Amino acid sequence: MKHAALIVFGLLATPATSSTCPAAPDHDAALSTLISKVQNAKTEFEGQQISNQMWALWADAPDATAQKMLDTGMSQRASYDYTGALEQFDALVAYCPDYAEGYNQRAFVNFLTGDYETALTDLDLALDRSPRHIAAIAGKAMTLIALQRDAEAQTVLRRALRLNPWLGERRFLIEPEGQDL
């Protein structure tokens, strides 16, 4: 009898989202193509259109549950509900710990609220999972600037701009003479 009660209690204590998150979609080949295209873009408009296509890849969550968490969190962030957004991104990271965009979006909210150290940690976690996540690289550069770690920020910003020379963050580049991207 005791054993049956423990089993029932265990089932009741299991969270509703106890299923495991599938692997994130593999967009590596598509991202490589888009990086090549953006590096060869002739205008800022063309570069921005290609950047938007990259965002579509990064924001393609592993399943419908993860997509809902991501979309809800992004909507909450856009409406300045940072607490709600953080709750969604925390849930997304807990559910899909290998999905880079969960960390990137949580980092963005932490950046917006001035929690730069936490943002930097999440950006590193995103980049561990997706090393060519250009938005996370640029976000890391902006976070380092906010932390007044300017030399490191410039190195990271140059890395992002080598991948996508059309980033708006390029205005933060300090160009020492004779130094190219």
Eligible aspartates and glutamates near residue 140 by straight Cα distance, threshold 18 Å, same-chain separation 8 or greater: 101, 115, 117, 122, 124, 128, 150, 152, 169
Relative contact order %, the chain, counting alpha carbon pairs below 8 Å whose residues are six or more apart: 17
Alpha-carbon centroid distance for the pair segment 120-148 / segment 36-101, whole angstrom: 14
Angle in degrees between helix 28-39 and the longest Cα principal axis of the chain, rounded to the nearest 10: 30
Neighbour-count ranking [beta-carbon atoms within 10 angstrom, fewest first] of 42, 140: 42, 140
Using alpha-carbon coordinates, inclination of helix 2-13 to the longest axis of the chain, degrees: 30
Nearest 10 degrees, 0 to 90: helix 64-78 Cα axis against the chain principal axis: 60
Likely footprinting exposure, 163, 123, 173, 112, fewest C-beta neighbours within 10 Å first: 112, 173, 163, 123
Cα-centre dipole for the chain with unit charges at Cβ (Lys and Arg positive, Asp and Glu negative), debye to 20: 140
Ellipticity estimate at 222 nm from DSSP helix runs (n ≥ 4, -39,500 (n - 2.57)) divided over the chain, nearest 500: -21500 deg cm²/dmol
For segment 27-170: rounded, prolate or oblate by the Cα gyration tensor [a/c cutoff 1.5]: oblate
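Quick note: the coordinates plus some simple rules give every number you see, no bench work behind them. Every value quoted in this text rests on a predicted model; they were computed, and no experiment measured them. Here Cβ is always computed from backbone atoms with ideal geometry, including for glycine, and neighbour counts include all displayed protein chains.
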